[in-house]
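**Student:** Let me give you the structure first, and then I'll get to my questions.
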Amino acid sequence: MSYNLLKGKRGIIFGALDENSIAWKTAVRVHEEGGTFVLTNAPIALRMGTIKNLAEQTGSEVIPADATSLEDLENLVTKSMEILGGKIDFVLHSIGMSVNVRKGRHYTDMNYDWTTKGWDISAVSFHKVMQTLYKADAMSEWGSIVALTYMAAQRTFPDYNDMADNKSYLESIARSFGYFFGKEKKVRVNTISQSPTPTTAGQGVKGFDGFISYAEKMSPLGNATALDCANYTVTLFSDLTKRVTMQNLYNDGGFSNTGVSQEVIERFTEE
Ligand code: NAI
């Protein structure tokens with residue numbers, strides 16, 4: 001269902017790799033709601049993924065950018081404003097990667113070069129994106145910036161490894177930059193803390209299948225899907241949430257506030 005919530009709004013969407021990506025579903029929903037946007041991803045991901053199909057489906061252009069490169073980001077912001085015909089109203093940062101997770105390195109035996117790379121891609125890139133937009137004065141007043149995070153930033157999930165630390169860092173950047181973006185440019189900045197979701201990044205976490213079914217059983221409303229996340233993001237990009245900023249917003253079916261569920265108790269009750 002479409003409500004035209006984003007009619008006339010222009011944006012940039014980072015991180016659509018394939019059809020499972022949360023950014024992919026978000027792009028489709030934003031398009032349905034009348035928004036126009038530029039799609040971007042790291043050059044290697046553009047070669048491996050299927051983003052061209054999404055660009056055709058949504059009438060969008062694709063601009064490669066490694067989100068850790070200021071040069072790439074400056075080029076992306078300038079070109080996006082040219083292509084879209086004005087300042088930017090919404091930005092989705094849907095980027096995450098840990099080399100330690102990818103290479104199966106345990107949290108107590110980190111390779112710190114990989115740790116540094118992971119936090120640069122997963123957290124500092126969000127600062128770099130915002131600083132580039134801020135310096136170029138590229139955001140419209142009452143614009144909205146969203147990044148995606150996970151509850152391992154607040155509570156320990158052992159196999160989430162250094163991504164937990166990266167997500168804490170990301171959420172802190174949202175609050176800190178949100179202050180300045182709000183004060184100076186009337187732009188809001190939030191993170192959505194999403195349920196485990198079967199995507200390339202999600203499935204890279206060890207024991208993901210157990211992880212996702214446990215969360216499903218613990219959440220009164222069940223896990224939020226990628227489409228649920230896309231819909232929530234649409235509301236945050238719309239004019240209906242103008243003064244929501246510097247928040248970490250849970251889209252998790254109630255998981256984060258549930259101590260234990262009946263289903264989980266039953267699994268541990270001896271007959
Ligand atoms: P995904 O694998 O489809 O998306 C991750 C994206 O990050 C990919 O498109 C990848 O190319 C991009 N990326 C990696 N390095 C980059 C770089 N240097 N520059 C630009 N882009 C780069 O997976 P998903 O799940 O859609 O991930 C999106 C976001 O959602 C991530 O921040 C992830 O941590 C977050 N999230 C995912 C959850 C899950 O269970 N899948 C749960 C909660 C949050």
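**Student:** Mind checking the range 151-185 for trypsin sites (Lys or Arg not before Pro) that DSSP puts in a loop (not H, G, I, E or B) and that have at most 16 other Cβ atoms within 10 Å?
**Tutor:** Details: sites: R155, K167, R175, K183, K185; in loops: R155.
Passing sites in the range 151-185 are R155.
**Student:** In nm, what is the difference between 0.36 nm times the number of residues separating R175 and V244 and their Cα-Cα distance?
**Tutor:** Numbers: separation 69, 0.36 × 69 = 24.84 nm, distance 1.17 nm.
Additional length available on full extension: 23.7 nm.
**Student:** Moving on. Rounded, prolate or oblate, given the Cα gyration tensor of the range 95-245, with a/c below 1.5 counting as rounded?
**Tutor:** oblate
**Student:** With charges only on Cβ, +1 for K and R and -1 for D and E, what is the dipole size of the range 1-71 about its Cα centre, in debye, rounded to 20?
**Tutor:** Taking the Cα centre of the range 1-71 as origin, the dipole is about 200 debye.
**Student:** How big is the dipole moment of the chain about its Cα centre under a simple scheme where the beta carbon of each Lys and Arg is +1, that of each Asp and Glu is -1, and everything else is neutral? Debye, nearest 20, please.
**Tutor:** Details: 27 positive and 31 negative charges, 153 e Å.
Dipole of the chain, to the nearest 20 debye: 740 debye.
**Student:** Classify the chain as rounded, prolate or oblate, taking a ≥ b ≥ c as the square roots of the eigenvalues of its Cα gyration tensor: rounded when a/c is under 1.5, otherwise prolate if a/b is larger than b/c and oblate if not.
**Tutor:** Taking the square roots of the gyration eigenvalues as a ≥ b ≥ c, the chain is prolate.
**Student:** Could you tell me how far the Cα centroid of the range 98-148 sits from the Cα centroid of the range 45-80, in Å?
**Tutor:** Centre-to-centre distance over Cα atoms comes out at 17 Å.
**Student:** Provide I192, I44, I83, I63 in ascending order of the number of other Cβ atoms located within 10 Å of each residue's Cβ, fewest first. Write down the numbers at each step before the final one.
**Tutor:** Working: I192 23, I44 10, I83 14, I63 19.
Listed from fewest to most nearby Cβ atoms, that is I44, I83, I63, I192.
**Student:** Would you list which lysines come within 21 Å of K52, measuring only between C-alpha atoms, while excluding same-chain residues fewer than 8 positions from it?
**Tutor:** The qualifying lysines are K25, K79.
**Student:** Arrange S60, S213 by Cβ neighbour counts within 10 Å, fewest through most, would you?
**Tutor:** In increasing order of surrounding Cβ atoms, one gets S213, S60.
**Student:** Next up: Give the shape of the range 1-91 as rounded, prolate or oblate, defined through the alpha-carbon gyration tensor: a ≥ b ≥ c are the square roots of its eigenvalues, a/c under 1.5 means rounded, and otherwise the shape is prolate if a/b is larger than b/c and oblate if not.
**Tutor:** Working: a/c = 2.12, a/b = 1.19, b/c = 1.78.
Judged from the Cα gyration tensor, the range 1-91 comes out oblate (a/c at least 1.5, b/c at or above a/b).
**Student:** How high is the relative contact order of the chain, in percent, counting Cα pairs under 8 Å that sit 6 or more residues apart?
**Tutor:** 19
**Student:** Report, in whole Å, the centroid distance computed from the Cα atoms of the range 246-271 and the range 1-21.
**Tutor:** 30
Laboratory data are not the source of any read-out in this text; all were calculated from the coordinates shown. The shown structure was predicted, so the numbers you read here are calculated from the model rather than taken from an experiment. Using ideal geometry, Cβ is built from the backbone for each residue, glycine included, and neighbour counts are taken over all protein chains shown.
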